[in-house]
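Peer 1: Quick one: this structure, given as structure tokens, is what I'll be asking you about.
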Amino acid sequence: MRLLPTFATLSKNSLEVLMSEISVVDTPSSDSLNLRGQTVFWLRVALDVPLQALFDYRAAVPVPVGSRVIVPFGRRKLVGVVVAVPAEPALDSRQIKDVDQVLDDTPPMPSDWLRLASFAAKYYQRPLGEVMLPALPPSLRKVTAYQGKRSAGGPVQRMDRRKAKNTLEPVNADSPPELNSEQLAAAHAIAATQGHKATLLYGVTGSGKTEVYLHAAQAALARGHQVLFLVPEINLTPQLEASLRARLTGLAGPGTLAVMHSGLADGERLQAWTSVQRGKARILLGTRLAIFAPMPDLGLIIVDEEHDTSYKQQDGLRYSARDLAVWRARDRNIPVVLGSATPSLESWNHAERGHYQRYTLARRAREVELPKVRLVDTRRLAMKEGFSPHLVTALGERLERGEQSLIFINRRGYAPVLNCASCGWVSNCPRCTAYTVLHRGGARHNHLQCHHCGYQARVPRACPDCGDQDLKPMGRGTQRVEEHLAELFPEARIARIDADSTRLKGSAAALFAKVHAGEVDLLVGTQMVAKGHDFANLGLVGVLNADAMLFAQDFRAPERLFAQLMQVAGRAGRHVTGGEVIIQTDYPEQPVYQALLKHDYPGFAEYGLAEREAVGLPPYAFQALLTAESRELSAALAFLTQARLLPTQHPQCFPTASVITLYDPVPLRVVRVANIERAQLLVESANRPALQAFLTAWSLALGDLAREFRVRYNLEVDPLEI
Ligand code: ADP
Ligand code: ZN
Ligand code: ZN
């Protein structure tokens, strides 16, 4: 075993050693002799332990790079990945332990997979093992999967021995539509791409981006390539999976589509992984974690809804699957397609500068117009339960025409806070700096719930402070909206789709099926309903409470609001004519709303990018965020303050510090969650390599510092929320 030198002894030289260790060697080096004259082989192994280090072991037989091995580590045994076979160990060879077992139930991880993991480790400042091992399906990284009689042969053999499940495919395909000229231009360009090229497919909602993906994928499959198709969330888009099965597996044969997401059981995940690694599956449809699937014949990557924040992992290795997709495509010299109706400003900027080729689908594919957007200025209106008279009238008209309507409000529960009118008491969570949300009815009766830590409490009969019985719910969430709609339109069939109404497995699918079957007139939903769905009979979308999102702290709030409202607006009038979106706001003059009025993403992007450039925010600068957690806010802040001083105290370790800005440590907006206090420090630079070099040196020191201050910390590169 070998540990990296501590920060005190760290020099530029040892940094280079660390970097060179991560470089991958493909062929076993020449044999060497150990003390007893036997041939031995040295293996450098990545383990899932929180140490910026790799660990050397000895094997009696040659082991290819990329193999998984079981090794002793302290008193434990761990699965690791062999990342190099050095000629000499980094330690005195007498201190080196033997490998326990070489796992050969899967082929060694291919070299491009090792490169991807190494890049992610370097870029996101994580130990290589903390990237590689969590990327594997659980069955391939658990020692227990290989121990004991019942595990004979390992999980892959056991899986192969079990009878293969009936595959559902192929499904009857509706005959595909003929592509329009915009679709054809994009599909041809992507299919004709030789080598690496990133394409931004900017297409308004309903413009038929899926058809373009399908054509590009067909062309890649026909050339014998595998296709990786990334989506933000699979469970919400069963329609897409059905079209892929129907249209693509016809070409590649049954069993050639694999699906990968975090909701799969271990066995299913292993099945999908091995079938793409063996090349049996030709198409992999997956969420962000699928970016790490080994695909020997990978020839095309598609990232649908590339702007979606679900591509960003929010714990552990905080990677962006969209960004890694672009890197992986460049590394493999293959095309990548990023599609969206509201691209991230990062991707739009790349297209503006010519780094990405851009194709535009400006019209809806079917004969329906984009919905008309109406802003209802709520400042001078008599509002009732959050509804303007305009919205109520419009809902009534749609009901009469037998069309469906959607009320979009991005807040679940009945009301965000309970309030005492006489003394001002509010329902606070005892463990967080946040209100508890009032939830109504159902099996668990009325209760207060904290959306940050899950804390639950009964609704008090009277004010805990003054005893007054008149406690009032303030503001509204989906439940209250649902209740009010039932009062307004007692005849209407109403459904609510949010995280609460879809908690049980299969309930989301069942609710959506009801909507598709026309058994729902009014649908109330959070962002869960905004994505992807192709509702045939939906004419009207009403948006409540959008302003709350507009004034969120984050500089990306307007971008996110624009994307979300365009997306939810895109649910209206996909198949019925005269689709309409009504946005209620106190600030109709805001640029976000003005751009929405005209469906003008390019205009919004131009404005947004100019604003970012003027103040030096991404994509004109690069950021990292150091977050610290502790029982005491003072400890978290002290840690960050000390971390901020490191470059001044050790200038030789931070040669790029002069072009890095370190902001003051500040408490998070919701400072306490589940009795843990949180603070953060923002790091920024206009120079990405300089920032990377800085972070690499910095992260080597942070571990020791965190132990000293007894805080937990996290360093996030390219944070999406600040
Ligand atoms: P997007 O993903 O761009 O929002 P979709 O791919 O869901 O749009 O397409 C919207 C609808 O238009 C779908 O019902 C699809 O079948 C249909 N469609 C796509 N291309 C065409 C075409 N060329 N002609 C007719 N209908 C099309
Ligand atoms: Zn009171
Ligand atoms: Zn709480």
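We did not get these values from a lab; they are worked out from the coordinates using the rules stated. This one's a predicted model, so the numbers in the text were calculated from it and none came from an experiment. Every residue, glycine as well, gets a Cβ built from its backbone with ideal geometry; the counts of neighbours run over all protein chains shown.
Peer 1: Check which residues have an amide H placed less than 5 Å from Val671's amide H, if you skip close sequence neighbours.
Peer 2: Placed amide hydrogens put Thr433 under 5 Å from Val671.
Peer 1: Round to the nearest 10 and give me the degree value, 0 to 90, for the angle of helix 209-222's Cα axis relative to the longest principal axis of the chain.
Peer 2: On a 0 to 90 degree scale, this one is about 30.
Peer 1: With a ≥ b ≥ c the root eigenvalues of the C-alpha gyration tensor of the stretch 589-722, is it rounded (a/c under 1.5), prolate (a/b larger than b/c) or oblate? Can you show the working numbers first?
Peer 2: Working: a/c = 3.30, a/b = 1.57, b/c = 2.11.
Oblate, since a/c reaches 1.5 and b/c is not below a/b.
Peer 1: For helix 633-649, report the angle its Cα long axis makes with the longest principal axis of the Cα atoms of the chain; keep it between 0 and 90° and round to the nearest 10°.
Peer 2: Once rounded, the angle reads 50 degrees.
Peer 1: Also, quick follow-up: Could you please rank Cys466, Cys450, Cys429, placing first whichever residue has the fewest other Cβ atoms within 10 Å of its Cβ?
Peer 2: Listing Cys466, Cys450, Cys429 from fewest to most nearby Cβ atoms yields Cys466, Cys450, Cys429.
Peer 1: Beyond 49 Å, what share of the Cα-Cα pairs of the chain remains, rounded to the nearest whole percent?
Peer 2: 20
Peer 1: Take the alpha carbon atoms of the stretch 78-116, find their center, do the same for the stretch 433-497, and report the distance between the two centers in whole angstrom.
Peer 2: After rounding, the separation between the Cα centres reads 55 Å.
Peer 1: Per DSSP helix of 4 or more residues, -39500 (n - 2.57); summed, then divided by the residues of the chain. What does that give at 222 nm, rounded to the nearest 500?
Peer 2: When only DSSP H runs of four or more count, the value is -9500 deg cm²/dmol.
Peer 1: So, one more: Under the rule that a partner needs its Cβ under 4.7 Å from the first Cβ, which Cys of the chain have none?
Peer 2: Unpaired cysteines in the chain: Cys453, Cys653.
Peer 1: Quick one: Arg644, Arg411, fewest Cβ neighbours within 10 Å first, how do they rank?
Peer 2: Starting with the residue having the fewest Cβ neighbours, the order is Arg644, Arg411.
Peer 1: Still on this model: Kirkwood Rh, the stretch 470-572, all Cα pairs: how many Å?
Peer 2: On the way: mean 1/r = 0.0664 Å⁻¹.
Its Kirkwood hydrodynamic radius stands at 15.1 Å.
Peer 1: To continue, here is another question. Provide the three semi-axes, in whole Å and in decreasing order, of the ellipsoid equivalent to the stretch 672-722 as defined by the square roots of 5 times the Cα gyration tensor eigenvalues. Write out the running numbers ahead of the final one.
Peer 2: Numbers: eigenvalues 104, 51, 9 Å².
So the three semi-axes of the stretch 672-722 are 23, 16, 7 Å.
Peer 1: I would also like to ask the following. Under unit Cβ charges (Lys, Arg +1; Asp, Glu -1), what dipole magnitude, rounded to 20 debye, does the chain have relative to its Cα centre?
Peer 2: 2000
Peer 1: For the stretch 29-143, report the convex hull volume of the alpha-carbon atoms normalised per residue, in Å³, without decimals.
Peer 2: Spread over its residues, the Cα hull of the stretch 29-143 gives 103 Å³ apiece.
Peer 1: Still on this model: Quick one: which residues, 5 or more positions from His451 or on another chain, have an amide H under 5 Å from its amide H? H modelled 1.01 Å from N in the peptide plane, none for Pro or chain starts.
Peer 2: Here Val437 satisfy the definition.
Peer 1: Quick check: the angle from helix 266-277's long axis to the longest principal axis of the chain, C-alpha only, nearest 10 degrees?
Peer 2: Between helix and principal axis, roughly 70 degrees.
Peer 1: Using a ≥ b ≥ c from the Cα gyration tensor of the stretch 274-370 (square roots of the eigenvalues), is it rounded, prolate or oblate, where a/c under 1.5 gives rounded and otherwise the larger of a/b and b/c decides, a/b for prolate?
Peer 2: On the way: a/c = 1.71, a/b = 1.48, b/c = 1.15.
Note, shape of the stretch 274-370 comes out prolate.
Peer 1: Can I ask one more? Pull out a ≥ b ≥ c, the square roots of the eigenvalues of the alpha-carbon gyration tensor of the stretch 372-479, then state rounded if a/c is under 1.5, prolate if not and a/b is larger than b/c, and oblate in the remaining case.
Peer 2: Here the stretch 372-479 falls in the prolate category.
Peer 1: Phe622's amide H: which non-local residues (gap 5+, or another chain) put their own amide H closer than 5 Å, with H modeled 1.01 Å from N in plane and none for Pro or chain starts?
Peer 2: Under 5 Å from the amide H of Phe622 lie the amide H atoms of Ser685, Ala686, Asn687, each far enough along the sequence or on another chain.
Peer 1: How would Lys97, Lys312, Lys505 line up from fewest to most surrounding beta-carbon atoms within 10 angstrom?
Peer 2: Fewest-to-most ranking of Lys97, Lys312, Lys505: Lys505, Lys97, Lys312.
Peer 1: Across the stretch 655-663, in residue order, what do the Karplus-derived ³J(HN,Hα) couplings come to in whole Hz, using 6.51 cos²θ - 1.76 cosθ + 1.60 with θ = phi - 60° and x for Gly and Pro?
Peer 2: Rounded to whole hertz, the list is x, 9, 4, 5, 9, 10, 9, 10, 7.
Peer 1: Treating the beta-carbon of each Lys and Arg as +1 and of each Asp and Glu as -1, no other charges, what is the dipole magnitude of the stretch 345-458 about its Cα centre, to the nearest 20 debye?
Peer 2: Result for the stretch 345-458 is approximately 180 debye, rounded to the nearest 20.
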